Amino acid sequence: MTPMNRGTDYAPLTAPVTSAEMSAFRSSDRARQQYSAVPFVIQGVILAMFFVVFGVIAATVLSTLARVLFFSSPRSGPGDLATVVPFPVIVAGIVGTIVVSAVLVVRRANGRYWEKLFRMDGFASANGMIFSPRDPEPRYPGAIFSNGRNRESRDHLRSVTSRFLDYGNYRYVTGGGKNQSTHNWGFLALQLDRALPHMVLDSRANNGLFGGTNLPASFQKEQVLSLEGDFDNYFTLYCPRQYERDALYVFTPDLMALLIDNAAPFDVEIIDSWMFVYSAAPFDMMQPAVHERLLRIVDTVGAKTLSQTDRYADARIQDARANVVAPAGQRLKLKFPLSAVIVIGIFVTAFAVIPFITAALSR
């Protein structure tokens, strides 16, 4: 596999940008067709409305306070502020100041938004990729891509030549009302040549306080496979039962070393013909170091995974030429959530106890 970060041009992310360049970019057909600012405009309008409402409330409170201080005083005279400056002027001045401040804030944020688009678009063009600020419902089989609603990839880059690569950020929403939560991830998706058993490397570096996984899916412990050396200090490997030898075929000592050196802070999932890398925090896509690290993972871990699996075939499939994994190896078995066990236990206990309580009360 040809290293994808060899000769990568990071200048578009850091080089000075002139107002003329920004103006030309914003008025270009490319920007108008591919980069819609509608979501940002909506946010700006909401922010401006908030400032206006806040300004009206603040002006009302201040004018009332001024009225009490000036007009209710027996010593107030023609030279007092309340007499010299009419109250409508005071209110209009306060509201106007707040509205102007809101407009300036929105304009500045809008400028930063378009500068990010300009830089990311330039970086993508310089390195043979396509940039997209947001795309709904990415069709990936990985663990984070099937949860919640309002699923979308954000600020992500896709390759346009050679092997398919996609990396950036991902967001989805769970719950509702006061319990609504927005989940943000960084991700990397690399397409492989061969279909492989479902395997997950759960990084120990990003787990919770008590060692619980940060991934949205939990897998049955019977599927944990211990590997040699100190690899288990960095990752917990899950693979389907009866596929242990297949996992050892993939995760050779040299691949394990590359994973420790380059991907230890991240979770890694191999599923179907994909390799995914997950970050518990979204990537700052304006930082060259972020791109450099992710592309290094592609060039090391990804390249080794490809070379190691280029002749893999599931022995359970009769046709050795078929690029497919038997059903038993296609998906890991999920752990039943502890919260669900507790809720079910409460209901079962309640239904078992209610008849006795009813009988006791009816005596």
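The values are calculated or read from the model by the stated rules, or taken from the named source; none is laboratory data. Quick caveat: nothing in here was measured; it's all calculated off a predicted structure. Heads up, the Cβs are rebuilt from the backbone with ideal geometry, glycines too, and the neighbour counts pull from every protein chain shown. Surface accessibility is based on the protein's heavy atoms, side chains included, excluding ligands, DNA and RNA. Shrake-Rupley method; radii C 1.70, N 1.55, O 1.52, S 1.80 Å.
Going through (1) more than 16 Å from P133 (Cα to Cα); (2) open to solvent by less than 70 Å² (accessible area, probe 1.4 Å); (3) assigned to a strand (DSSP E or B) one by one, A217 falls short only on (3). Taking S181, is it touching a helix residue (DSSP H, G or I) at 6+ places or on another chain (Cβ under 7 Å), surrounded by fewer than 17 Cβ atoms within 10 Å (Cβ to Cβ) and free of Cβ contacts under 8 Å to residues at least 60 places away in the same chain? No; evaluated as a whole, the condition is false for this residue. With respect to the conditions (1) open to solvent by less than 50 Å² (accessible area, probe 1.4 Å); (2) over 16 Å from the mean Cα position of the chain (by Cα), F266 falls short on a single one, namely (2).
Could you look through the stretch 144-178, keep only residues that are farther than 22 Å from A281 by Cβ and surrounded by 15 or more Cβ atoms within 10 Å (Cβ to Cβ), and pick out the one that is modelled with the lowest pLDDT? Reasoning before the result, please.
Narrowing the stretch 144-178 to residues farther than 22 Å from A281 by Cβ: 159-164, 176-178.
Next, from what is left, pick out any that are surrounded by 15 or more Cβ atoms within 10 Å (Cβ to Cβ): 159, 163.
Numbers: S159: 96, R163: 93.
My answer is R163.
Yes or no, residue by residue, for (1) closer than 14 Å to L165 by Cβ; (2) of a type in the set (D, E); (3) open to solvent by 10 Å² or more (accessible area, probe 1.4 Å):
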position	(1), (2), (3)
S273	yes, no, yes
Y278	no, no, no
H291	yes, no, no
V298	yes, no, no
R311	no, no, yes
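E244 passes every criterion in (1) under 23 Å from A322 (Cβ atoms); (2) crowded, with 18+ Cβ neighbours inside 10 Å; (3) acidic (D, E) apart from (2). Pairs meeting the criteria (first residue in the stretch 289-304 and touching a residue at least 40 places away in the same chain (Cβ under 8 Å), second residue assigned to a helix (DSSP H, G or I) and of a type in the set (D, E, K, R), beta carbons under 8 Å, at least 6 apart or on different chains) are T300/D261; K304/D254.
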